[in-house]
Amino acid sequence: MPARPGTAAILGLSALGLALAASFGLSGSARRRAPDFVLVNEGEPSSLDPQQGTGVVEGRVLRFLYEGLVVRDPKTLAPLPGVAERWETSADGLRWTFHLRAGAAWSDGEPLTARDVVLSWKRLLDPRTAAPYAAFLYGVRGARAFATELDSAGKPLHAFDTVGVRARDDVTLEVEFEHKVAHFLDLVAHYALAPLPEHQLAKLQREHGDRWELAWCRPENLVVNGPFVLSERRIRDRLSFTKNARYWAADEVAFRAVDVLGVEHPNTMLNLYLTGGAGWTGNFPLLLAPELFAREDFSPGPQLGTAFYRFNVTRPPLDDARVRRALALCVDRRALVERVTRAGEVAQWSFVPACALAYEPTELAHAASFAEDAARARALLADAGYGPGLKPLPPIELAFNVQSNNQSVAEVIADGWRRELGVETHLASLEWKIFLDAQRALDYAVSKSSWVADHPDPIGMLEIFRAASPNNRTGWKDAEYDALLDQAERASGPERAELLRAAEARLLDAAPIVPLYGYVTKNLVNPRLGGFFENPLDEHAPRFWYWKSDAELARDRERDAAARAARGLAQREHVAAPGDPLGLYSEADREPGSRIERPDAVRAPGER
Amino acid sequence: MLPFLVRRLAWTVATIFVVVTCAFFLMRAVRGGPFDSERALPAAVEEQVRARYHLDWPVWKQYAAYVGPLNLDEHRARFLGGDGADVFGGVLAGDLGPSFKYRDLTVNELLGQSLPVSLALGLWALVVALGIGLPAGIFAALKKDSALDVALRLGATAGIALPNFVIAGFLVLLFVFAWPLFPVAGYGGARALVLPAFVLGLPFAAYVARLSRTAMIEVLAQDWIRTARAKGLPERTVILRHALPSALLPVISFLGPAAAGILTGSLVVERLFAIPGTGSHFVNGALNRDYTLAMGVTILYTALVSLLNLAVDVAYGWIDPRLAAGRSANQ
Amino acid sequence: MSAPTLEAPLPRALAPHDDALPPPESPACAVVRRLHARAAARWSLRLVVAAVLLAFLAPLLPLPSQARIELARGLERPCAAESIVAHPSALEAPWALGPFDRALHAARAGAFGTLELRGLAGTDAKGRDLLSRIVWGSRVSFLVALCAGLTSLLVGVAWGAIAGYAGGRLDNAMMRVVDALASLPFVFVVIFVITLLSAWKDELARFGVSREVVFYVLVGAVSWLSMARVVRGEVLRLAQAEFVLAARVAGASTARILLTHVVPNVLPVVIVYLTLSVPSILLTEAFLSFLGLGIEPPRVSWGLLASDAAEAINPLRVPWWLVVFPSLAMGVVLLALNVLGDALRDALDPRERGAGRA
């Protein structure tokens, strides 16, 4: 074998070359300025287009950028003035008038007018936008027809002026309805209905033609009306926001720059939070939930979302409502939340969680103890002709996607069904998209599901079991149920709540679903963060955030301790609260000499 | 040499073409689509979304639109639309199309941002793999069955046997919490890359160590090494000039494809350390049925594997000219 | 490998400098070295055999069912005291077992009754016995490793040897096939196979093809690719070696040269590479199971236990047993496997054997 000269030297050189090349990737990561606040988001938003984004990850980010006609109170979720300064309805509730702020502007300085709202709603309804939340506007006169009646090329058959949305002048928006929509303000607060900058979209369309939507969400093209603007987007790494100086309430916004990290692993989220790398994380390893209750920075609250199982009511033996009711009854929900999920989830016998505003859900009739429920379930099964001495119930397949604690929950429920009812359950863990496809095609017997509300009104949840809803996916159709919801849509007040309760009772009686438990928020938040409240939508608007000073933090801790003592709860340990000991308050909050006596009313209207 | 390179490059292009074609039809054949979600879109909306990405077309036509700059779009009217440009520019024109999951981004943007990150991390991991693996393997071979050898083998086995996510967990506890030397996660700055590069490179270092040890032992037993020693050449020269190149062959053939894996990143390391590299796209592209993104990373990976294997073969010939000679003699 | 392979004395016999001295080494040193190597190998072999036996006989062992959930006993520390208890449901089968496993399970009932050893390695978050999960998990993991190992040994070595020896166009074509197969998006391939499987579930079940079987085949199907590359690289070198050229000149057939001269000489690297790749195969399995594409609950594998372990490592509270015991089991078995691989390599290396006898 001949010797090759200088192998070692060449090896050394190439190693050096590798190192040099590697260092290239490191330039360009220098930050312009340190953000005042960093939070952890669970991944990259699928879109920064407010009319395309659905989901938690997108919502967190879009609330930085866009503001609707109204905004939600961060604590009570009641509507507060946003783009609209005030609004009024006609006596019959069929005509709403929104008065926009005079002098409101987009982040590029162009005036924001009622025409921008009209354009936004037109785009939302236009079928070619394919917006998931288009149905929010279907109560508006002509909107449903505009959105769903199309010509062969997929264009709407009707002109947009058939839709009851009109800009009377720059600051007045008129909306006419086909029927009364009692919860319209809840819908209008959603980011999908926020105005869009007509001038900017037109400009992008001129520059990029039909590909304008792919260019729109780059930081340099994104013109917004929310409290922050996007200054940098590093995909799957970091979204950097800086305060929008042209936001109408800019002097109430405390943070000048906020970074949102796209982190996918729960352990990493927790680690980032614990090292002070982030001040808020909405997720952590589920294993740790019981450990966190002793900490002051973990205060889970009920969330408007339900974990439930769907039954395929077209597949025997689940086509028999008695069998379904028996299975639905025979679930030890208390054991489930106390021993499996363990993050404070609420055992639930209704589909709508108890935290829904102005609505008390109907529950599946159940006894005080699981043993009694199991006995009743056996009786129901016997009634349907299954059980000891009768024919045995054939094995049931329970499908779930592997992520999260779905498997634990399924194992425990299957265990209960086997022990109490003698029903064998085959657990099928499926890949997510295969799971969804099977659910949609009704290619399952029992299927794990969840639903989290988009707005505080219970109708948003009950609607998914309408016969025509794409989210029904149980094969269950009930004309009476649909009719009750139709009536409820047009009603208001206690009468509406009663109609919804009747609909829910019908749903639970037919039992195409098994409600299991209500979700809770899972936020770990730096105790120094002010203006952040647990609420049933788990929606948190960055506009209200600020850093508490040491004095305010101490005051809040005292209040919390007193409140817990009064309720006989154990005191929680204080954790590090990194941040400026003097706090970081908005200009509106700063008062000479005192940083504690901040005007609560301005900062957090929920506390009023 | 040049004809050889040209021929191999042609093979590379052919390989990419075959892979792209197979992968394209494979992806469209699997169950579940990019727009299935727990929150189903209304039927009319879903139809529109599918139309926008041409999923309503026959698969061959989708393939044509994806590969070629053909603009088969029948000038479908869009909101604010006008010029009838297809969202698919065609792979041949260098446009990998829009992402199906990240609706406001193109695959070119996604890869353009993540590839430099992965390359930086991957190159550092390669430095770790070779910097630790090669010396360890060589010393272990020279001191075969000594305490050093046993210790190195134990270390190497542990490096491979323990899953890298377990190692990563320990390293984070150790160097972030117990002894705060490095940031816990995130991308930016050399310090942030130390732990991930180490975790990514360690298993490969173990491979390199074991492979180079084995090969080195074998080479050292060869007759021409004995001859070289008998000629009275200094041991250093014998090892570095004579034995090492030969012993590198199995390492190189391992490293070719392995480097492609390292350079395109790893899902586990990227998730654990919140590194925005391409590794996650391989898995998430498939799980989200993000067809274009998955195709994009597939093309990238195929090109990289082919080129690195070409480099391996060139390296073979360079280290041992007889191999190159044999290659041309056989043809 | 077959006996002729082991006995092939040709390479050494054909080596031109047969009389050259081996590197100087004192006799005592050589004895210590060989003894050490043998002892390590002996112990490793015992360990691997014991682990395989344990896995094979899992239904016979008086352990709690690895699938039995006892929520009230979640995350209990390992505890040797009161570990032998009678449990009413001790004899429940973990899931539908095959006939052989049922027989073992019945034998257990005869031997131990309802007695069971529990809590020795602690419990996981759902109160399942960790020791039992490690033992039952080893079944899946060993089977996966075996499937993948055999495929790489048979397909990978053959493919690589033929490509490397033939050289030229055939080599090029064969290696490009490997490149193409390695480049296909693996997750998509798996999902595709599962799609097919769910479409013809009933037809396939009639032939005894379940998702599990297909899964083992799939893991095997990807594992031979890198082996083929490594072997091809080695063979490329060996094909130019003097003894191969000599055999060719002597008129030996290609098959004979490959089988008796080339393959035995690549075996050292093959074996080391094989033992090296076992962990990554186990992780591939865990990864697929984690995505819902692998084994189905309530089955468990070492890879899945390792991902549980990874979740347990956090700065707030570490249930250390979840990390230590699975890692220990994995580490020890894989280490033994590697030592065994090295010893086997030495035994197979014609030169080493010669040196040992000298």
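Any read-out appearing in this document is the output of simple, stated calculations on the displayed coordinates, not a laboratory observation. Keep in mind that this is a model prediction, so the values were computed, not measured. With ideal geometry, Cβ positions are generated from the backbone for all residues, glycine too; neighbour counts draw on all protein chains shown.
Structure notes:
- Label zone at B:LEU70, where the point sits 7 Å out along the Cα-to-Cβ direction: segment B:89-116 residues whose backbone N lies under 15 Å: B:89-93
- In loop segments of segment B:80-168 as defined by DSSP, the trypsin sites (Lys or Arg not before Pro) with at most 13 further C-beta atoms inside 10 Å of their C-beta are B:LYS143.
- For the pair A:THR314 and A:ALA354, a Förster radius of 35 Å applied to the C-beta separation gives a FRET efficiency near 0.65, rounded to the nearest 0.05.
- Backbone N within segment B:244-266 under 20 Å of label point (7 Å from B:LEU307 Cα along the Cβ vector): B:252-266
- A simple spin-label model places the labels of A:ARG590 and A:LYS180 4.9 nm from each other, with each point 7 Å out along Cα-to-Cβ.
- Checking the cross-link pairs A:LYS75/A:LYS522; B:LYS61/B:LYS101; A:LYS122/A:LYS155 against a 19 Å limit on the alpha carbon distance flags B:LYS61/B:LYS101 as lying beyond it.
- Placing pseudo-labels 7 Å out from each Cα toward the beta carbon at A:ASP550 and C:ARG248 gives an inter-label distance of 8.3 nm.
- Annotation for segment B:194-269: trypsin sites (Lys or Arg not before Pro) lying in DSSP loop with at most 16 further Cβ atoms inside 10 Å of their Cβ are B:LYS231.
- Helical runs assigned H by DSSP (4 residues or longer) give the protein assembly as shown a calculated mean residue ellipticity at 222 nm of -15500 deg cm²/dmol, each run adding -39500 (n - 2.57) before division by the residue total.
- Between segment B:263-322 and segment A:163-211, the alpha-carbon centres lie 44 Å apart.
- Label-to-label distance, nm, for residues given as A:SER469 and A:ARG218 (7 Å Cα→Cβ offset): 4.1
- Average beta-carbon neighbours from other chains, 10 Å sphere, peptide B:309-319: 2
- Hypothetical label at A:ASP383: residues of segment A:481-508 whose amide nitrogen lies under 16 Å (7 Å Cα-Cβ projection): A:506-508
- Using R0 = 35 Å, the C-beta based FRET efficiency linking A:ALA368 and C:SER83 works out to 0.40.
- When the Cα positions of B:VAL208, B:LEU244, B:VAL117 are compared along the charge dipole of segment B:110-320, B:LEU244 comes out farthest toward the positive end, with charges on each C-beta of Lys, Arg, Asp and Glu.
- Remark: segment B:110-320 carries a charge dipole of roughly 420 debye about the Cα centre, counting +1 on each Lys and Arg Cβ and -1 on each Asp and Glu Cβ.
- Peptides C:270-281, A:290-301, ordered by how many other C-beta atoms sit within 10 Å of their residues on average, highest first, read C:270-281, A:290-301.
- Rounded to 5, the percent of DSSP beta bridges in the protein assembly as shown classed as antiparallel: 75
- Crossing angle, helix B:2-29 versus chain B [Cα axis fit, 0-90 degrees, rounded to tens]: 50
- Along each principal axis, taking the top coordinate minus the bottom one, the Cα set of the protein assembly as shown gives 112, 75, 68 Å in descending order.
- Computed E for B:MET1/C:VAL177 - FRET, C-beta separation, R0 30 angstrom, nearest 0.05: 0.75
- Within 10 Å of the Cβ of each residue in B:97-104, the mean number of Cβ atoms contributed by other protein chains is 6.
- Note on segment B:2-107: dipole from Cβ charges, positive end direction compared against B:ALA23, B:LEU9, B:GLY68; the farthest Cα belongs to B:LEU9.
- Loop trypsin sites (Lys or Arg not before Pro), segment A:516-568 (other Cβ atoms within 10 Å of the site Cβ: 13 or fewer; DSSP): A:ARG567
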